[in-house]
Amino acid sequence: MAGQEVQQETQALQNPDAVRVLIVDDHPLFRSGLRAALESADGVEVVAEAETAGAVPGAVTRHRPDVVVMDLSLPDASGIEATRRLMDSDTPVPVLMLTMSDDDGSLLAALQAGARGYLVKGAGRDEVLYAVRTVAAGGAVFGKVMADRITPLITGGRQRAAEALFPALTVRECEVLTLVARGYDNRRIARELYVAEKTVRNHVTHIFEKLQVATRAEAVALARDMGLGDER
């Protein structure tokens, strides 16, 4: 049932030192296959499964996993948002993203949300097991393809981050959105960018259309959810 933790009780651990895993994915067949792959190895135990972001806090509280294996696309909220909420909670748990998404925006958003690992679905059993154990132990793991892109993303700075997170926007629109996320009004944005206020209004209109939002508040919320808006 949507919004509920999958009703699949886990037997008591045979090995108290096993890595305890919570799987969060809305595809039952994938969860079943991943559970089988993880539990085929010594020292790994899947203690619970969940199919929605909303079920994650309760599952974490009840089952106390050492690592959460999280899909990016969930029916009620993104895995990015679920990860961010978990990191901000009183019981943060290391998160390994395991997803079909291999774009720069998703990778960067996962990093900003606090994920400790990022693998693309299709990774081999040994690679997933290594990642689960490493993330549970406090390390960080990224598939080779993703790892090669982390440094350019980070060193590109906030503007590169905005462009990666919102590829539909132009460079100038990304600049405007970043300032909108800081709470600046159009007049101040015009001063910051040395353009006419009318030009800023046009950019804001285009941003709303491309992001499919109706209000400034919605644009701000979306941008801040993706990590934009701070002045660090």
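The values are calculated or read from the model by the stated rules, or taken from the named source; none is laboratory data. Nothing here was measured: the structure is a model prediction, and the numbers come from that model. With ideal geometry, Cβ positions are generated from the backbone for all residues, glycine too; neighbour counts draw on all protein chains shown. What goes into the accessible areas is simple: the full protein's heavy atoms, side chains included, and nothing from ligands, DNA or RNA. Shrake-Rupley method; radii C 1.70, N 1.55, O 1.52, S 1.80 Å.
Things to note:
- Screening segment 40-100 for strands (runs of 3 or more DSSP E) wholly inside it with 1 or more residues that are of a type outside the set (A, V, I, L, M) and under 20 Å from Leu129 (Cα atoms) returns the ranges 44-50, 95-99.
- Scanning segment 104-120 for residues that are at pLDDT below 90, open to solvent by 10 Å² or more (accessible area, probe 1.4 Å) and either outside any helix (DSSP H, G or I) or in contact with a Pro (Cβ under 9 Å, 6 or more places away or on another chain) (or both) yields Asp104, Gly114, Val120.
- Some residue of segment 157-177 being open to solvent by less than 70 Å² (accessible area, probe 1.4 Å), modelled with pLDDT of 90 or more and either out of contact with any helix residue (DSSP H, G or I) (no Cβ under 6 Å at 6 or more places or on another chain) or closer than 17 Å to Ala109 by Cβ (or both): yes
- Cβ-Cβ distances below 6 Å connect no pair with a first residue in segment 170-187 that is touching a residue at least 60 places away in the same chain (Cβ under 8 Å) and closer than 14 Å to Asp225 by Cα, a second residue that is open to solvent by 10 Å² or more (accessible area, probe 1.4 Å) and in a helix (DSSP H, G or I), and a separation of six or more residues or different chains.
The rows are residues; the columns are (1) farther than 26 Å from Arg85 by Cβ; (2) modelled with pLDDT under 90; (3) under 23 Å from the mean Cα position of the chain (by Cα); (4) in a loop (DSSP other than H, G, I, E, B).
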site	(1), (2), (3), (4)
Arg188	yes, no, no, no
Glu192	yes, yes, no, no
Glu209	yes, no, no, no
Ala221	no, yes, yes, no
Gly229	no, yes, yes, yes
Arg232	no, yes, yes, yes
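- Segment 2-36, residues that are open to solvent by less than 60 Å² (accessible area, probe 1.4 Å), modelled with pLDDT of 50 or more, of a type outside the set (Val, Ile, Thr) and part of a loop (DSSP other than H, G, I, E, B): Ala18, Asp25, Asp26
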